[in-house]
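The values are calculated or read from the model by the stated rules, or taken from the named source; none is laboratory data. Predicted model only: the values in this text are computed from it and were never measured. Cβ placement follows ideal geometry from the backbone for every residue including glycine, while neighbour counts extend to all protein chains displayed. Side chains are part of the model used for accessible areas, which takes the heavy atoms of the whole protein and leaves out ligands, DNA and RNA. Shrake-Rupley method; radii C 1.70, N 1.55, O 1.52, S 1.80 Å.
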Amino acid sequence: MKRDEIAILLAAGLGTRMLPLTKTIPKPLVKVHGIPMIETVIRALERRGVKRIYVVTGWLKEQFHYLQEKYENVEIVENPEYGVKNNISSLYAVGDILGSTDCFICEADLYVSDMEIFNKCTGKSCYYGKMVPGYSEDWVFELEDNRIVRVGKGGENTYNMVGISYWEQKDARLIREGIREAYKEKGHENLFWDEIADRKLKEMDVAVLGIPEGSIVEIDTLEELRNLDFAYAMAGDADEWR
């Protein structure tokens, strides 16, 4: 397995669906079973041997600084546009880091329970996904012959996005250039970076890597947090949770 890979962790968002908890703590730093969510991602990436992990911060950015001291391969990158633009701005903020080598792009507010999950990637560009029967309003992948031909919202009996993807260097460069092209457009501030990937799919061969249930858990709301970690269900209000 190659060991020249990097990872970009998107940690700049406001986490509004988890208020009031995220009023004083960034969502990726919310602890699940005693561990900040972002650290479960970092530890799993380290298990694969990813050489450098770039954490893109925005909201309450100073709270992430301890990660650089705790993990020698972590570097903080600030996204100054996080408050006025969508997550396309976080990949714009890393500049030429994106496309410098093969890379993972990960949401930082995930709870990774399977520390081997990144080792399941073979080195081909792919999105990690979970199969959802029936109709889903979430971000999904439309496939033809195991190749992704659409990334977008809404689909039936297909894989849903879980917040992790892997890109060969050549494909990461296409996304980087697509983001720079999009920045010239009016309204680019409302774009998600995955919409840029969708635009470039015809130039890439991107697969879906199906993952076992529960290996990566997306936590969007306080209710989901309570359901996953009983300690939060026992607390009276968010002020007791820190």
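Taking V208 and the conditions (1) part of a loop (DSSP other than H, G, I, E, B); (2) of a type outside the set (S, T, N, Q); (3) surrounded by 17 or more Cβ atoms within 10 Å (Cβ to Cβ), which numbered condition does it fall short on, given that it satisfies the others?
For V208, the exception is condition (1).
Tally the residues that are touching a His at 6+ places or on another chain (Cβ under 9 Å) and open to solvent by less than 20 Å² (accessible area, probe 1.4 Å), restricting the search to segment 68-88.
1
Filtering segment 175-194 down to residues that are surrounded by 15 or more Cβ atoms within 10 Å (Cβ to Cβ) and without any contact (Cβ under 8 Å) to a residue 60 or more places away in the chain, which residue is nearest to T101 (Cα to Cα)?
If we take residues in segment 175-194 being surrounded by 15 or more Cβ atoms within 10 Å (Cβ to Cβ) and without any contact (Cβ under 8 Å) to a residue 60 or more places away in the chain, then G178 is nearest to T101 (Cα to Cα).
Look through I105, I76 and report the one residue that is touching a Ser or Thr at 6+ places or on another chain (Cβ under 9 Å), free of Cβ contacts under 8 Å to residues at least 24 places away in the same chain, part of a strand (DSSP E or B) and not hydroxyl-bearing (S, T, Y). Break it down into steps so the answer makes sense when it comes.
Working: I105 fails: free of Cβ contacts under 8 Å to residues at least 24 places away in the same chain.
Result: I76 is the single residue among I105, I76 that is touching a Ser or Thr at 6+ places or on another chain (Cβ under 9 Å), free of Cβ contacts under 8 Å to residues at least 24 places away in the same chain, part of a strand (DSSP E or B) and not hydroxyl-bearing (S, T, Y).
Taking segment 216-232 only, how many residues are at pLDDT below 85 and open to solvent by 50 Å² or more (accessible area, probe 1.4 Å)?
Pass one, segment 216-232, residues at pLDDT below 85: 230-232.
Checking which are open to solvent by 50 Å² or more (accessible area, probe 1.4 Å) leaves us with 230-231.
The number of residues fulfilling the criteria is 2.
If I go through segment 1-22 residue by residue, how many of them are among the charged types (D, E, K, R) and either within 18 Å of the chain's Cα centre (by Cα) or under 13 Å from I76 (Cβ atoms) (or both)?
Start the filter on segment 1-22 by keeping residues that are among the charged types (D, E, K, R), which leaves 2-5, 17.
Next, from what is left, pick out any that are either within 18 Å of the chain's Cα centre (by Cα) or under 13 Å from I76 (Cβ atoms) (or both): 5, 17.
Qualifying residue count, segment 1-22: 2.
If a residue must be over 18 Å from E5 (Cα atoms) and assigned to a loop (DSSP other than H, G, I, E, B), how many such residues does segment 145-187 contain?
Residues meeting the conditions: 7.
Select from segment 1-22 the residues that are part of a loop (DSSP other than H, G, I, E, B) and at pLDDT below 90 and write down the one among them that is least open to solvent (accessible area, probe 1.4 Å). Let's see the steps before the verdict.
We begin by selecting, within segment 1-22, every residue part of a loop (DSSP other than H, G, I, E, B); these are 1-5, 12-15, 19-20.
If we keep only those that are at pLDDT below 90 too, we end up with 1-4, 14-15, 19-20.
On the way: M1: 126, K2: 109, R3: 125, D4: 65, L14: 77, G15: 20, L19: 85, P20: 79 Å².
Out of the qualifying residues, it is G15.
Just checking, which of E142, E137, E213 is part of a loop (DSSP other than H, G, I, E, B) and open to solvent by 60 Å² or more (accessible area, probe 1.4 Å)? Let's see the steps before the verdict.
Working: E142 fails: part of a loop (DSSP other than H, G, I, E, B); E137 fails: part of a loop (DSSP other than H, G, I, E, B).
Criteria check complete, one pass: E213.
Let me confirm something: among I38, I25, which residue is crowded, with 16+ Cβ neighbours inside 10 Å and more than 16 Å from the chain's Cα centre (by Cα)?
Working: I38 fails: more than 16 Å from the chain's Cα centre (by Cα).
So the residue among I38, I25 that is crowded, with 16+ Cβ neighbours inside 10 Å and more than 16 Å from the chain's Cα centre (by Cα) is I25.
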